[in-house]
Amino acid sequence: MNFLSIFVLIPLVMLLGLWLARGVNQVRGVMVAGSTALLALAIYLTVDFLAERAAGNTAEMLYTASFDWIAPLKIKYSVGVDGISVAMLLLSAIIVFTGTFASWRLQPLTKEYFLWFTLLSMGVFGFFISVDMFAMFMFYEIALIPMYLLIGVWGSGRKEYAAMKLTLMLMGGSAFLMCGIFGIFYGAGGASMNILDIAHHTGGCRPIAVGEQCIWFPLTFVGFGVLGALFPFHTWSPDGHASAPTAVSMLHAGVLMKLGGYGCFRIAMYLMPEAANQLGWIFLILTSISVVYGAFSACVQTDLKYINAYSSVSHCGLVLFAILMMNHVAATGAVLQMLSHGLMTALFFALIGMIYGRTHTRDIRELAGLMRIMPFLAVCYVIAGLANLGLPGLSGFVAEMTIFVGSFSNEGAFYTTLTIIACTSIVITAVYILRLVGKILYGTCTNEHHLALTDATWDERFAVVCLIISVAGLGLAPWWISDMIGTGTGPIIDVIQSAVALNPFH
Amino acid sequence: MDYSQFLTMHAELSLLVVITILFIADLFMCGDKKCGKGVYNTCLPVVLLTLHTVLNLCPCCGQCCSESVSAFGGMYQHTAMMTVMKSVLNVGTIIVFLMAHKWLSREENLIKQGEFYLLTLFTLFGMYLMISSGHFLVFFIGLETASIPLAALVAFDKQRYESAEAGAKFILIALFSSGLLLYGISMIYGATGTLYFDEVMQHWGTNGNANIAVLGLLLFITGMGFKISLVPFHLWTADTYEGAPTVVTGYLSVISKGAAAFTLLTVLIKVFACCAFVATWDWAFFWIIVASITIANLFAVRQKNLKRFMAFSAISQAGYLILGVMDGTAQGMTALVFYLLVYMVANLGAFAVISVVEQSSGKVGMDDYNGLYHTNPKLAFLMTLCLFSLAGIPPFAGFFSKFFVFMAAFNAGHPWLVLIALINTVISLYYYLLIVKAMYIQPNETPIACFKSDGYTRVALALCTLGVVVLGICGVAYNHIDALSYGLDTVARCCQGCGQ
């Protein structure tokens, strides 16, 4: 048994524990124990991974293991991690851990809520450790379906509509994705589902014909892109996030949307490099639209969650934008952006949930002067906002800087123009964040009901502080993690760059 | 005559023994405790059938005989895959018997309890014959034995208007489709001069008259299409499913459909293994699948009665099932049988819930299920698992079976068909989620009261849940089925002019 599988085993044990648990306290106990174990495991993995790399182990994937699963169809349960997956696992563990505390006082049906929550996290962890397309796809879908019930039962606002829309759009994406996976598998000779085998043409796999790639690449990219909020398939995201309960928004925006970017990079582009070179420009234009359009949309929203959801569309668009630039610096930036956006957006959603839990409104026109009433939450909100607009010293700056430096270094007016267009999102982000902070935190409180509200409780403070430490840690000392990510993105970018194909803009 | 030939038919013969035992037992027992005779309960048929399944399956596991055995001059043909298929049907029947307990112990049904088992097992016997036939007449006799008692089962609640009407509809449609099938068989006879599968196959390419044979093939597909309830031959399905007793609906939607689908595949592989025919049947099935999946999905969205809803869901599931027939590959056969197995546990699980709710509250409307989770959480949760499995959501078995059947069709060279089917799974997810939404989210002033289900239903539900959870994750089932499957790519095509 490979130790990466523990990432899936722990949620399984948690599910069992939750099933047996009686009463809220036992449920909380199971969740805290499980999520702490996951976090500890993720930290251990990171440290051990860095030590392995420092010791000179340059294999593309570490801790690989493979077991026959459905032998006649060449489906195996294969695990392995590189720098990207380690970063993502760490991110997921942090979000699950803090998410548990953010939903500490959730009512009703606490047990059921955590059951679905744990199932979702199992899907996420499984996705990041898998290197077999089938297992990856299975975990991907496991992560999607609990959203329906999590939003539908425990959400707020137009929850039924939002839950159904989100589920159907994401499942529509995975329908394309499944077709793309078949295309890749049979296009490469039907010998192996293992991503490494297909990418390096080992284990009986042959290169996929460019003509076939051009059919399956768009399907796969759109399939994952739906989850990565690719314009025009992003419309589930604002509704879904706005209706979801706090911890679910955190997990969804923080981790689940990263599955999209990760999948686009690891499956669509890595396995079909020729098509990526040939057709990447179409998606590059779409992602540039996502980046700018998301930011502009955020400016005109009046609901706190909608603002953040559109901001997520913009930032996740930046992830896809960066990987499509197909060079080392931009790709590292993309993964940094995934990490950074995951952490700060989780922080944002956690704070919004806490504010909403007290004021029972998320309409910015009804909120003002919160800084005096709940200083702790307000200060944290300012920090989250500054991270979001890319203040140096916090995570957002590191990621966006790397992305724009990387993408600007691509030759050709096409890339330069798109980079400049995407750069404008930084300014627009500053506009809506600063306006928002000014509006709801400062000024005088006009609603006397709000004056009696209390500041954060211990569990809320704990969740928020953990996230702020991570955001600041990433912003102040990015080198150790960016080096680690670089070892992961390097081989993939090498494969993509060495692909000979017709790129109209090169 | 060599009487040892009968031994090759051991599955059928032992089923006859089971039927005889039940028949005799019925004389001495009755379900009513007050009548003074022994109590006739669900245990007896369930135990006998379980014994039958185990005995059947054991020799097969030991030898792994993949070569075909034939007896009575080729009238009866048997492969190991067929044993697997028969066992699958047996397991389904056992679950149906367990589900039926509560319904059968109602006062008006007590005296008919024995009839129910006998009729059901006779249809099962017919399906056995149909599956192992090597001659069109045996096939036809099997088919009729499988459908006529089924009509009696559909009309089992004969005092109920809908049940009687459903029975009448079913028998008329069954006869009509048998007529078409017979006509098709006569065409094939006209073209080849024989009804033995092997001989028919050898005639193609030498003296077969292609046009008339293609007509025969199409009529054959039409006849089977009625039995499997594929669009455009599905019009009887919704009414019959709604009117029939819920348990019988479950049996119809899984066992009867499954046996017909498997037979369709084996007969096509056996008889129509010629390139020209393969092209024809691929073309026909392409459109039948697209129509079945799409139309049934669109109709299912609008249904308010859960049994009608399951009828349309079953039609679309049949469409997915037939994806395994495309091109007649071995991979397709594995995928089909596996799909059937998974579909069986998931669908019967859903029907078990519907049935038990109907028995305790008399409600089958979708709105009646509003708020079920708050009164009967376990039942609602099991229903959710089964629906997720039907919709193809991992980690439940339905995801795996859908993946495999799509993979088989993709490998057979039909990527666009797979894409259409995949897009349809999203529609199907929508309507399955409607039920989940009703149970978990919708508020209800008068929800179905909390009730305790009986022990037999619990066993049935436990079996179904176990299947839904385990069958997919453990790849063992698929691997075993795959070892026994065969198709046009593994069995030599016996026609000239194909060049293969």
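The values are calculated or read from the model by the stated rules, or taken from the named source; none is laboratory data. Keep in mind that this is a model prediction, so the values were computed, not measured. Heads up, the Cβs are rebuilt from the backbone with ideal geometry, glycines too, and the neighbour counts pull from every protein chain shown. Please note that ligands, DNA and RNA were not included when accessible areas were found on the heavy atoms of the full protein model with its side chains. Shrake-Rupley method; radii C 1.70, N 1.55, O 1.52, S 1.80 Å.
Observations on the model:
- Some residue of region B:238-248 being of a type outside the set (V, I, T), in contact with a strand residue (DSSP E or B) (Cβ under 9 Å, 6 or more places away or on another chain), surrounded by fewer than 23 Cβ atoms within 10 Å (Cβ to Cβ) and touching a residue at least 24 places away in the same chain (Cβ under 8 Å): yes
- In this entry, A:L89 passes the filter for residues that are modelled with pLDDT of 90 or more, assigned to a helix (DSSP H, G or I) and more than 14 Å from chain B (Cβ to nearest Cβ).
To keep it simple, each residue is scored yes or no on (1) assigned to a helix (DSSP H, G or I); (2) more than 10 Å from every other protein chain (Cβ to nearest Cβ).
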position	(1), (2)
A:F134	yes, no
A:M138	yes, no
A:L166	yes, yes
A:L177	yes, no
A:A191	no, yes
A:P218	yes, yes
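- Among residues of region A:190-205 that are without any contact (Cβ under 8 Å) to a residue 60 or more places away in the chain, those with a beta-carbon under 8 Å from a residue that is among the polar types (S, T, N, Q) and surrounded by 17 or more Cβ atoms within 10 Å (Cβ to Cβ) at least six positions away or on a different chain give the pairs A:G203/A:S192; A:G203/A:N194; A:G204/A:S192; A:C205/A:S192.
- Single unsatisfied condition, B:T329 versus (1) of a type outside the set (G, A, S); (2) at pLDDT 90 or above; (3) under 22 Å from the mean Cα position of the chain (by Cα): (2)
- Answer from A:L343, A:L279 - the residue that is touching a helix residue (DSSP H, G or I) at 6+ places or on another chain (Cβ under 8 Å), open to solvent by 20 Å² or more (accessible area, probe 1.4 Å), assigned to a helix (DSSP H, G or I) and in contact (Cβ under 8 Å) with a residue 12 or more places away in the chain: A:L279
- The combined condition, being open to solvent by less than 50 Å² (accessible area, probe 1.4 Å), of a type in the set (S, T, Y), within 13 Å of another protein chain (Cβ to nearest Cβ) and touching a helix residue (DSSP H, G or I) at 6+ places or on another chain (Cβ under 6 Å), is not fulfilled by B:S453.
- Flag if B:H234 is modelled with pLDDT under 85 and either open to solvent by 30 Å² or more (accessible area, probe 1.4 Å) or not basic (K, R) (or both): no
- Every residue from region B:165-212 that is touching an Asp or Glu at 6+ places or on another chain (Cβ under 8 Å) and of a type in the set (A, V, I, L, M): B:A166
- When A:P146 is tested against (1) over 18 Å from A:G261 (Cα atoms); (2) open to solvent by less than 10 Å² (accessible area, probe 1.4 Å); (3) away from every other protein chain (no Cβ under 12 Å), just one condition goes unmet, and that condition is (3).
- Filter pass, A:V210 being in contact with a Leu (Cβ under 7 Å, 6 or more places away or on another chain) and either of a type outside the set (S, T, N, Q) or open to solvent by less than 40 Å² (accessible area, probe 1.4 Å) (or both): no
- Test: residue in region A:51-59 that is of a type in the set (S, T, Y), within 14 Å of chain B (Cβ to nearest Cβ) and surrounded by fewer than 24 Cβ atoms within 10 Å (Cβ to Cβ): no
- Of the listed requirements (1) surrounded by fewer than 24 Cβ atoms within 10 Å (Cβ to Cβ); (2) under 25 Å from A:F217 (Cβ atoms), A:Q337 misses just one: (1).
- Residue in region A:227-237 that is in a loop (DSSP other than H, G, I, E, B), farther than 23 Å from A:L284 by Cα, touching a residue at least 12 places away in the same chain (Cβ under 8 Å) and away from chain B (no Cβ under 13 Å) present: no
- Criterion: open to solvent by 10 Å² or more (accessible area, probe 1.4 Å) and either away from every other protein chain (no Cβ under 12 Å) or not polar (S, T, N, Q) (or both) - qualifying residue of A:G183, A:G155, A:G173: A:G155
- Within region A:409-436, the set of residues being small (G, A, S) and without any contact (Cβ under 8 Å) to a residue 60 or more places away in the chain comprises A:A413, A:A430.
- Restricting attention to region A:346-360, the residues being open to solvent by 20 Å² or more (accessible area, probe 1.4 Å) and more than 17 Å from A:D239 (Cβ to Cβ) number 3.
- Scanning region B:419-450 for residues being more than 11 Å from chain A (Cβ to nearest Cβ) and either among the polar types (S, T, N, Q) or open to solvent by 10 Å² or more (accessible area, probe 1.4 Å) (or both) gives a total of 7.
- Checking each residue in region A:367-397 for being out of contact with any helix residue (DSSP H, G or I) (no Cβ under 6 Å at 6 or more places or on another chain), at pLDDT 85 or above and more than 30 Å from A:E448 (Cα to Cα) picks out only A:F397.
For (1) touching a residue at least 24 places away in the same chain (Cβ under 8 Å); (2) of a type in the set (V, I, T), each residue gets a yes or a no:
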position: A:Q26; (1), (2): no, no
position: A:T46; (1), (2): yes, yes
position: A:N57; (1), (2): no, no
position: A:D68; (1), (2): no, no
position: A:S78; (1), (2): yes, no
position: A:S92; (1), (2): yes, no
position: A:S103; (1), (2): yes, no
position: A:L115; (1), (2): yes, no
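- Close pairs (8 angstrom Cβ cut-off, 6 or more residues apart or separate chains): touching a residue at least 12 places away in the same chain (Cβ under 8 Å) and open to solvent by 30 Å² or more (accessible area, probe 1.4 Å) in region A:392-408, not basic (K, R) and not in a helix (DSSP H, G or I) anywhere: A:F397/A:G390; A:F397/A:L391; A:M401/A:G390
- Matching residues, region B:311-338, being within 14 Å of another protein chain (Cβ to nearest Cβ), of a type outside the set (A, V, I, L, M) and open to solvent by less than 10 Å² (accessible area, probe 1.4 Å): B:Y320, B:G324, B:G332, B:T334, B:F338
- For region B:385-412, a tally of residues being more than 11 Å from every other protein chain (Cβ to nearest Cβ) and among the polar types (S, T, N, Q) returns 2.
- Residue in region B:363-384 that is part of a loop (DSSP other than H, G, I, E, B), of a type in the set (V, I, T) and more than 13 Å from chain A (Cβ to nearest Cβ) present: yes
- The criterion of at least 1 residues that are under 24 Å from the mean Cα position of the chain (by Cα) is met, among helices (runs of 4 or more DSSP H) falling completely within region A:361-467, by A:375-388, A:395-408, A:413-441.
- Scanning region A:75-127 for residues that are open to solvent by 20 Å² or more (accessible area, probe 1.4 Å) and within 13 Å of the chain's Cα centre (by Cα) turns up A:L90, A:I94.
- Within this structure, B:A346 passes the test of being more than 14 Å from chain A (Cβ to nearest Cβ), surrounded by 24 or more Cβ atoms within 10 Å (Cβ to Cβ), in contact with a Phe, Trp or Tyr (Cβ under 8 Å, 6 or more places away or on another chain) and not in a loop (DSSP other than H, G, I, E, B).
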